[in-house]
Amino acid sequence: MRAVVVRSPGPADSLEAVELPDPSPGPDELTVEVAYAGVGFVDTLFRSGAFGLPTPFTPGIEVTGHVREVGPGVAGFRPGQPVAALLNDFGRGMRAGGYAEVAVAHAAMTTRLPDGADLARVAAVLVNGVTAWLALRDLARLDVRDDVLVLGASGGLGGITGRLAAIHPARRVIAVAASPGKRLSDATWTDVVHGADLGSAVRELTDGRGVDVVIDPVGGELRTRAYDQLAPFGRLVMLGNASGRDTAIPGDSLWLGTRQVLGLSLGGVAHLIPRRVGAALTALVDLVHRGVLREPAPAILPLDRVAEVHRALEDRTAPAKTVLAVR
Ligand SMILES: NC(=O)c1ccc[n+]([C@@H]2O[C@H](COP(=O)([O-])OP(=O)(O)OC[C@H]3O[C@@H](n4cnc5c(N)ncnc54)[C@H](OP(=O)(O)O)[C@@H]3O)[C@@H](O)[C@H]2O)c1
(Lines give C-alpha, C1' and ligand atoms only; values in the text may rest on other atoms or scores of the structure.)
Protein backbone atom coordinates (compact mmCIF):
# COMPACT_ATOMS: atom_id res chain seq x y z
CA MET A 1 0.00 0.00 0.00
CA ARG A 2 0.92 3.66 -0.38
CA ALA A 3 1.64 5.38 2.94
CA VAL A 4 3.42 8.38 4.42
CA VAL A 5 6.07 7.66 7.05
CA VAL A 6 8.28 9.62 9.42
CA ARG A 7 11.68 7.88 9.68
CA SER A 8 13.17 10.49 11.99
CA PRO A 9 11.18 13.31 13.61
CA GLY A 10 11.74 16.77 12.18
CA PRO A 11 10.23 19.44 9.92
CA ALA A 12 7.47 18.87 7.38
CA ASP A 13 10.03 17.49 4.88
CA SER A 14 10.39 14.43 7.09
CA LEU A 15 7.03 13.20 5.78
CA GLU A 16 7.96 10.67 3.11
CA ALA A 17 5.69 8.74 0.70
CA VAL A 18 6.62 5.04 0.54
CA GLU A 19 5.23 1.58 -0.31
CA LEU A 20 4.54 -0.65 2.71
CA PRO A 21 3.04 -4.13 3.12
CA ASP A 22 -0.70 -4.10 3.82
CA PRO A 23 -1.35 -4.52 7.58
CA SER A 24 -3.67 -7.20 9.00
CA PRO A 25 -5.99 -6.75 11.97
CA GLY A 26 -5.17 -8.31 15.35
CA PRO A 27 -7.74 -9.34 18.00
CA ASP A 28 -10.48 -6.69 18.51
CA GLU A 29 -9.16 -4.74 15.53
CA LEU A 30 -10.22 -4.18 11.94
CA THR A 31 -8.52 -2.75 8.90
CA VAL A 32 -9.96 0.19 6.98
CA GLU A 33 -9.44 1.05 3.31
CA VAL A 34 -8.87 4.73 3.93
CA ALA A 35 -10.81 7.19 1.79
CA TYR A 36 -9.95 10.35 3.77
CA ALA A 37 -7.53 11.08 6.61
CA GLY A 38 -8.02 14.24 8.67
CA VAL A 39 -5.00 16.45 9.43
CA GLY A 40 -4.78 18.52 12.63
CA PHE A 41 -2.18 20.56 14.47
CA VAL A 42 -1.55 17.59 16.73
CA ASP A 43 -0.18 15.67 13.70
CA THR A 44 2.60 18.26 13.44
CA LEU A 45 3.51 17.44 17.06
CA PHE A 46 3.64 13.70 16.26
CA ARG A 47 5.84 14.43 13.23
CA SER A 48 8.24 16.79 15.05
CA GLY A 49 8.87 14.30 17.86
CA ALA A 50 6.96 16.03 20.68
CA PHE A 51 5.36 12.73 21.74
CA GLY A 52 8.49 10.63 21.30
CA LEU A 53 6.84 7.89 19.20
CA PRO A 54 9.16 5.09 18.08
CA THR A 55 10.13 5.47 14.42
CA PRO A 56 9.38 4.78 11.66
CA PHE A 57 5.67 5.53 12.02
CA THR A 58 2.78 6.67 9.87
CA PRO A 59 0.97 9.77 11.23
CA GLY A 60 -2.78 10.33 10.97
CA ILE A 61 -5.24 9.71 13.80
CA GLU A 62 -8.66 10.04 12.16
CA VAL A 63 -9.95 8.28 9.06
CA THR A 64 -13.05 7.37 7.12
CA GLY A 65 -13.28 4.60 4.56
CA HIS A 66 -14.56 1.05 4.19
CA VAL A 67 -13.93 -2.04 6.30
CA ARG A 68 -11.38 -4.30 4.61
CA GLU A 69 -10.96 -7.14 7.11
CA VAL A 70 -12.17 -7.83 10.66
CA GLY A 71 -9.92 -9.40 13.29
CA PRO A 72 -10.76 -12.13 15.83
CA GLY A 73 -13.39 -11.14 18.41
CA VAL A 74 -14.86 -8.28 16.37
CA ALA A 75 -18.65 -8.25 16.04
CA GLY A 76 -20.89 -5.80 14.23
CA PHE A 77 -18.62 -4.98 11.28
CA ARG A 78 -18.31 -6.61 7.86
CA PRO A 79 -16.06 -5.94 4.86
CA GLY A 80 -17.24 -3.11 2.62
CA GLN A 81 -19.13 -1.16 5.30
CA PRO A 82 -18.43 2.58 5.47
CA VAL A 83 -16.84 3.49 8.82
CA ALA A 84 -15.10 6.26 10.75
CA ALA A 85 -12.26 5.49 13.18
CA LEU A 86 -10.07 7.22 15.72
CA LEU A 87 -6.49 5.95 15.76
CA ASN A 88 -4.96 8.14 18.49
CA ASP A 89 -4.42 5.56 21.14
CA PHE A 90 -0.97 6.00 22.67
CA GLY A 91 -1.54 3.55 25.50
CA ARG A 92 -1.92 0.34 23.49
CA GLY A 93 1.05 1.02 21.26
CA MET A 94 -1.14 1.90 18.29
CA ARG A 95 0.89 4.44 16.40
CA ALA A 96 -1.60 6.52 14.44
CA GLY A 97 -1.33 5.12 10.86
CA GLY A 98 -4.04 7.15 9.12
CA TYR A 99 -1.96 8.58 6.22
CA ALA A 100 -2.07 5.24 4.41
CA GLU A 101 -4.27 3.28 2.04
CA VAL A 102 -4.97 0.71 4.77
CA ALA A 103 -5.15 1.60 8.49
CA VAL A 104 -5.58 -0.63 11.56
CA ALA A 105 -8.30 0.52 13.99
CA HIS A 106 -9.65 -0.72 17.33
CA ALA A 107 -13.23 -1.88 16.85
CA ALA A 108 -14.22 -0.02 20.05
CA MET A 109 -13.16 3.29 18.50
CA THR A 110 -14.70 2.67 15.09
CA THR A 111 -18.26 3.52 14.15
CA ARG A 112 -20.38 2.44 11.19
CA LEU A 113 -21.58 5.17 8.85
CA PRO A 114 -24.83 5.29 6.92
CA ASP A 115 -24.59 4.50 3.21
CA GLY A 116 -24.08 7.76 1.36
CA ALA A 117 -22.35 9.50 4.29
CA ASP A 118 -20.03 12.30 3.18
CA LEU A 119 -16.71 10.63 4.02
CA ALA A 120 -14.63 13.81 3.61
CA ARG A 121 -16.84 15.87 5.93
CA VAL A 122 -16.97 13.11 8.54
CA ALA A 123 -13.17 12.61 8.48
CA ALA A 124 -12.82 16.31 9.27
CA VAL A 125 -14.65 16.18 12.60
CA LEU A 126 -13.48 13.03 14.36
CA VAL A 127 -10.61 13.97 16.71
CA ASN A 128 -11.69 17.54 17.32
CA GLY A 129 -15.36 16.62 17.64
CA VAL A 130 -14.84 13.84 20.18
CA THR A 131 -12.41 16.02 22.15
CA ALA A 132 -14.94 18.86 22.12
CA TRP A 133 -17.75 16.51 23.16
CA LEU A 134 -15.84 15.16 26.16
CA ALA A 135 -14.54 18.63 27.10
CA LEU A 136 -17.99 20.24 27.14
CA ARG A 137 -20.02 17.39 28.61
CA ASP A 138 -17.69 15.47 30.90
CA LEU A 139 -15.28 18.18 32.03
CA ALA A 140 -16.98 21.59 31.75
CA ARG A 141 -20.42 20.04 32.45
CA LEU A 142 -21.94 22.74 30.28
CA ASP A 143 -25.21 24.29 31.43
CA VAL A 144 -27.70 26.28 29.34
CA ARG A 145 -27.06 29.33 31.56
CA ASP A 146 -23.32 29.24 30.92
CA ASP A 147 -21.29 31.85 29.09
CA VAL A 148 -18.46 30.16 27.17
CA LEU A 149 -15.26 31.79 25.90
CA VAL A 150 -13.44 29.92 23.11
CA LEU A 151 -9.74 30.56 22.37
CA GLY A 152 -8.42 29.43 18.97
CA ALA A 153 -11.95 29.78 17.57
CA SER A 154 -10.68 29.98 13.97
CA GLY A 155 -8.97 26.58 14.31
CA GLY A 156 -10.27 23.05 13.97
CA LEU A 157 -10.71 22.27 17.67
CA GLY A 158 -11.87 25.72 18.83
CA GLY A 159 -14.33 25.98 15.94
CA ILE A 160 -16.13 22.69 16.51
CA THR A 161 -16.16 23.18 20.29
CA GLY A 162 -17.88 26.52 19.79
CA ARG A 163 -20.45 24.98 17.43
CA LEU A 164 -21.20 22.10 19.81
CA ALA A 165 -21.60 24.58 22.69
CA ALA A 166 -23.97 26.65 20.54
CA ILE A 167 -26.28 23.72 19.78
CA HIS A 168 -26.16 22.55 23.44
CA PRO A 169 -27.11 25.48 23.85
CA ALA A 170 -24.99 27.72 26.03
CA ARG A 171 -26.15 31.27 26.79
CA ARG A 172 -23.23 32.97 25.10
CA VAL A 173 -20.48 31.51 22.95
CA ILE A 174 -17.78 34.16 22.67
CA ALA A 175 -14.96 33.71 20.15
CA VAL A 176 -11.52 35.19 20.56
CA ALA A 177 -10.68 36.72 17.18
CA ALA A 178 -8.17 35.06 14.89
CA SER A 179 -5.31 36.41 12.79
CA PRO A 180 -6.33 39.16 10.37
CA GLY A 181 -7.66 37.58 7.19
CA LYS A 182 -9.42 34.70 8.97
CA ARG A 183 -13.04 35.64 9.52
CA LEU A 184 -15.27 34.37 12.32
CA SER A 185 -18.60 35.29 10.86
CA ASP A 186 -20.85 32.26 11.27
CA ALA A 187 -23.87 32.21 13.55
CA THR A 188 -22.07 30.09 16.16
CA TRP A 189 -20.62 33.06 17.94
CA THR A 190 -22.77 35.42 19.94
CA ASP A 191 -19.78 37.77 20.20
CA VAL A 192 -16.23 38.09 18.89
CA VAL A 193 -13.59 39.74 21.10
CA HIS A 194 -9.93 40.50 20.43
CA GLY A 195 -7.12 38.88 22.38
CA ALA A 196 -5.50 42.24 23.17
CA ASP A 197 -8.57 43.61 24.99
CA LEU A 198 -10.04 40.27 26.07
CA GLY A 199 -10.40 41.33 29.73
CA SER A 200 -12.33 44.55 29.21
CA ALA A 201 -14.45 43.07 26.40
CA VAL A 202 -15.52 40.04 28.48
CA ARG A 203 -16.27 42.22 31.52
CA GLU A 204 -18.47 44.44 29.39
CA LEU A 205 -20.33 41.52 27.77
CA THR A 206 -20.98 39.79 31.10
CA ASP A 207 -21.69 42.90 33.23
CA GLY A 208 -18.47 42.24 35.15
CA ARG A 209 -19.49 38.68 36.11
CA GLY A 210 -16.97 36.84 33.91
CA VAL A 211 -17.48 33.62 31.93
CA ASP A 212 -18.40 30.17 33.22
CA VAL A 213 -16.31 28.13 30.81
CA VAL A 214 -13.07 28.79 28.92
CA ILE A 215 -12.08 26.38 26.15
CA ASP A 216 -8.33 26.66 25.66
CA PRO A 217 -6.47 24.91 22.82
CA VAL A 218 -3.95 27.81 22.60
CA GLY A 219 -2.14 28.36 25.94
CA GLY A 220 0.37 31.19 26.38
CA GLU A 221 -0.60 34.68 27.41
CA LEU A 222 -4.14 34.25 26.07
CA ARG A 223 -4.69 31.45 28.61
CA THR A 224 -3.74 33.75 31.49
CA ARG A 225 -5.98 36.54 30.22
CA ALA A 226 -8.92 34.17 29.76
CA TYR A 227 -8.39 32.55 33.17
CA ASP A 228 -8.54 36.00 34.79
CA GLN A 229 -12.09 36.37 33.39
CA LEU A 230 -13.47 33.15 34.94
CA ALA A 231 -16.47 33.69 37.23
CA PRO A 232 -16.59 31.85 40.59
CA PHE A 233 -17.27 28.14 39.94
CA GLY A 234 -15.93 28.73 36.41
CA ARG A 235 -14.06 25.98 34.54
CA LEU A 236 -11.06 26.41 32.24
CA VAL A 237 -10.51 23.34 30.07
CA MET A 238 -6.94 23.03 28.73
CA LEU A 239 -6.95 21.19 25.42
CA GLY A 240 -3.66 22.20 23.81
CA ASN A 241 -0.81 24.66 23.37
CA ALA A 242 -1.11 25.84 19.76
CA SER A 243 0.91 28.93 20.76
CA GLY A 244 3.77 26.61 21.73
CA ARG A 245 3.72 28.05 25.25
CA ASP A 246 2.49 26.41 28.41
CA THR A 247 1.51 28.76 31.24
CA ALA A 248 1.23 27.99 34.92
CA ILE A 249 -1.85 28.92 36.93
CA PRO A 250 -1.18 29.61 40.64
CA GLY A 251 -3.00 27.35 43.10
CA ASP A 252 -3.92 30.25 45.36
CA SER A 253 -5.87 31.89 42.53
CA LEU A 254 -7.91 28.70 42.11
CA TRP A 255 -8.58 28.46 45.81
CA LEU A 256 -9.38 32.11 46.47
CA GLY A 257 -11.28 32.53 43.19
CA THR A 258 -13.27 29.25 43.53
CA ARG A 259 -12.35 28.15 40.01
CA GLN A 260 -11.44 24.89 38.30
CA VAL A 261 -8.76 24.09 35.77
CA LEU A 262 -9.21 20.83 33.86
CA GLY A 263 -7.17 19.05 31.21
CA LEU A 264 -7.98 16.54 28.50
CA SER A 265 -5.78 14.67 26.05
CA LEU A 266 -7.87 12.35 23.91
CA GLY A 267 -4.82 10.37 22.79
CA GLY A 268 -3.59 10.09 26.36
CA VAL A 269 -6.84 8.70 27.75
CA ALA A 270 -8.62 6.92 24.88
CA HIS A 271 -7.13 3.49 25.69
CA LEU A 272 -8.53 3.75 29.23
CA ILE A 273 -12.07 4.64 28.13
CA PRO A 274 -12.44 3.18 24.61
CA ARG A 275 -16.19 2.53 24.93
CA ARG A 276 -16.88 6.06 26.17
CA VAL A 277 -14.83 7.44 23.28
CA GLY A 278 -16.63 5.11 20.85
CA ALA A 279 -20.04 6.27 22.13
CA ALA A 280 -19.02 9.93 21.73
CA LEU A 281 -17.76 9.16 18.22
CA THR A 282 -21.07 7.55 17.22
CA ALA A 283 -23.13 10.42 18.66
CA LEU A 284 -20.98 13.03 16.96
CA VAL A 285 -21.04 11.37 13.54
CA ASP A 286 -24.82 11.09 13.83
CA LEU A 287 -25.12 14.85 14.56
CA VAL A 288 -23.07 15.59 11.44
CA HIS A 289 -24.98 13.15 9.25
CA ARG A 290 -28.36 14.56 10.35
CA GLY A 291 -27.17 18.11 9.67
CA VAL A 292 -27.58 19.18 13.31
CA LEU A 293 -23.85 19.90 13.65
CA ARG A 294 -22.98 21.86 10.51
CA GLU A 295 -19.25 21.97 10.11
CA PRO A 296 -17.74 23.98 7.27
CA ALA A 297 -16.61 21.78 4.37
CA PRO A 298 -12.93 20.89 4.81
CA ALA A 299 -10.23 21.62 2.25
CA ILE A 300 -9.37 18.38 0.40
CA LEU A 301 -5.83 17.68 -0.84
CA PRO A 302 -4.23 14.49 -2.19
CA LEU A 303 -2.08 12.41 0.16
CA ASP A 304 1.16 13.43 -1.57
CA ARG A 305 0.59 17.10 -0.58
CA VAL A 306 0.62 16.33 3.13
CA ALA A 307 3.84 18.29 3.85
CA GLU A 308 2.18 21.42 2.48
CA VAL A 309 -0.71 20.97 4.92
CA HIS A 310 1.67 20.55 7.87
CA ARG A 311 3.60 23.70 6.89
CA ALA A 312 0.38 25.72 6.67
CA LEU A 313 -0.73 24.50 10.12
CA GLU A 314 2.61 25.52 11.60
CA ASP A 315 2.72 28.98 10.02
CA ARG A 316 -0.97 29.63 10.87
CA THR A 317 -2.16 29.93 7.26
CA ALA A 318 -4.13 26.65 7.12
CA PRO A 319 -7.90 26.59 6.63
CA ALA A 320 -9.88 25.51 9.71
CA LYS A 321 -9.64 21.87 8.58
CA THR A 322 -7.98 19.87 5.82
CA VAL A 323 -8.48 16.22 4.91
CA LEU A 324 -6.23 14.12 2.67
CA ALA A 325 -7.88 12.15 -0.14
CA VAL A 326 -6.11 8.81 0.12
CA ARG A 327 -7.90 6.58 -2.42
N1 LIG B 1 -6.85 17.69 23.92
C2 LIG B 1 -6.91 16.93 22.84
O3 LIG B 1 -7.16 15.75 22.89
C4 LIG B 1 -6.65 17.60 21.52
C5 LIG B 1 -7.29 17.17 20.35
C6 LIG B 1 -7.05 17.88 19.16
C7 LIG B 1 -6.16 18.96 19.16
N8 LIG B 1 -5.54 19.30 20.32
C9 LIG B 1 -4.62 20.45 20.40
O10 LIG B 1 -5.36 21.65 20.24
C11 LIG B 1 -4.53 22.65 19.66
C12 LIG B 1 -5.24 23.23 18.44
O13 LIG B 1 -5.38 22.22 17.45
P14 LIG B 1 -6.17 22.53 16.08
O15 LIG B 1 -6.11 21.29 15.28
O16 LIG B 1 -7.45 23.23 16.37
O17 LIG B 1 -5.14 23.59 15.42
P18 LIG B 1 -5.43 24.69 14.32
O19 LIG B 1 -6.57 24.30 13.46
O20 LIG B 1 -4.11 25.00 13.72
O21 LIG B 1 -5.91 25.96 15.19
C22 LIG B 1 -5.04 26.62 16.08
C23 LIG B 1 -5.77 27.80 16.69
O24 LIG B 1 -4.90 28.40 17.65
C25 LIG B 1 -4.68 29.77 17.30
N26 LIG B 1 -3.30 30.14 17.61
C27 LIG B 1 -2.18 29.50 17.19
N28 LIG B 1 -1.10 30.12 17.70
C29 LIG B 1 -1.54 31.15 18.43
C30 LIG B 1 -0.91 32.17 19.20
N31 LIG B 1 0.43 32.22 19.32
N32 LIG B 1 -1.69 33.06 19.84
C33 LIG B 1 -3.03 33.00 19.72
N34 LIG B 1 -3.71 32.08 19.00
C35 LIG B 1 -2.96 31.16 18.37
C36 LIG B 1 -4.97 29.85 15.82
O37 LIG B 1 -5.35 31.19 15.51
P38 LIG B 1 -5.09 31.83 14.06
O39 LIG B 1 -6.22 31.35 13.22
O40 LIG B 1 -5.12 33.27 14.35
O41 LIG B 1 -3.76 31.33 13.59
C42 LIG B 1 -6.11 28.87 15.66
O43 LIG B 1 -7.34 29.47 16.03
C44 LIG B 1 -3.19 21.97 19.36
O45 LIG B 1 -2.30 22.23 20.42
C46 LIG B 1 -3.55 20.49 19.33
O47 LIG B 1 -2.45 19.68 19.69
C48 LIG B 1 -5.78 18.65 21.48
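The values are calculated or read from the model by the stated rules, or taken from the named source; none is laboratory data. Quick caveat: nothing in here was measured; it's all calculated off a predicted structure. Note that each Cβ is placed from the backbone with ideal geometry, even for glycine, and that neighbours are counted across all protein chains shown. We work out accessible area using only protein heavy atoms, side chains counted, and drop any ligands, DNA or RNA first. Shrake-Rupley method; radii C 1.70, N 1.55, O 1.52, S 1.80 Å.
When the chain is treated as a GNM with alpha-carbon contacts under 10 Å, the residue of L239, L53, L87 showing the greatest mean-square fluctuation is L53. With the simple spin-label model, which puts each label point 7 Å out from Cα in the Cβ direction, the R112 to R183 separation comes to 4.2 nm.
Within the stretch 13-33, find all residues whose amide N lies under 16 Å from a label point positioned 7 Å from the Cα of F57 along Cα-to-beta-carbon. Inside the label zone: 14-16. Of the whole protein surface, F46 contributes about 10 Å² of accessible area at a 1.4 Å probe radius. Using Cβ point charges alone (K and R +1, D and E -1), the dipole size of the stretch 128-264 about the Cα centre works out to roughly 220 debye.
At each listed q (0.17, 0.20 Å⁻¹), what is the log10 of I(q)/I(0) that the Debye formula gives for the stretch 1-129 modelled as equal alpha-carbon point scatterers? Scattering profile of the stretch 1-129, log10 relative to I(0): -0.82, -1.12. Distance between the 7 Å Cα→Cβ label points at V292 and R203: 3.9 nm.
Comparing Cα centroids, the stretch 255-306 and the stretch 21-86 end up 16 angstrom apart. Local charge for R163 was computed over the other residues whose Cβ lies under 13 Å away, with Lys and Arg +1 and Asp and Glu -1, and equals 0.
Taking 10 °C and 1.306 mPa s as conditions, the stretch 204-301 diffuses translationally at an estimated 100 µm²/s according to Stokes-Einstein applied to its Kirkwood radius (Cα pairs).
Compared with the alpha-carbon gap, the fully stretched path from A75 to D191 is longer by 37.1 nm at 0.36 nm per residue.
Most simply put, the chain has about 55% antiparallel DSSP beta bridges, counting only bridges with both residues inside it.
Computed over Cα pairs, the Kirkwood radius of the chain leads via Stokes-Einstein (1.567 mPa s, 4 °C) to a diffusion coefficient of 65 µm² per second. Summarised in one figure, the compactness ratio Rg/Rh of the stretch 128-264, Cα atoms and Kirkwood Rh, is 0.92.
Here the gap between R311 and D228, fully extended at 0.36 nm per residue and compared with their Cα-Cα distance, gives a gain of 26.6 nm. About the centre of its Cα atoms, the chain shows a dipole size close to 420 debye [charges on the beta carbon of Lys, Arg (+1) and Asp, Glu (-1) only; nearest 20 debye]. Could you tell me the calculated FRET efficiency between A325 and T282, based on Cβ-Cβ distance and R0 = 25 angstrom, to the nearest 0.05? FRET efficiency, A325 to T282: 0.55. Surface composition of the stretch 128-264: carbon and sulfur make up 52 percent of the accessible area, probe 1.4 Å. Looking at the chain as a GNM with Cα springs under 10 Å, which of P169, P59, P82 has the largest mean-square fluctuation? Highest fluctuation among the options: P169.
The residues neighbouring V125, those whose beta-carbon lies less than 11 Å from its own, together hold a net charge of +1 under the Lys/Arg +1, Asp/Glu -1 convention.
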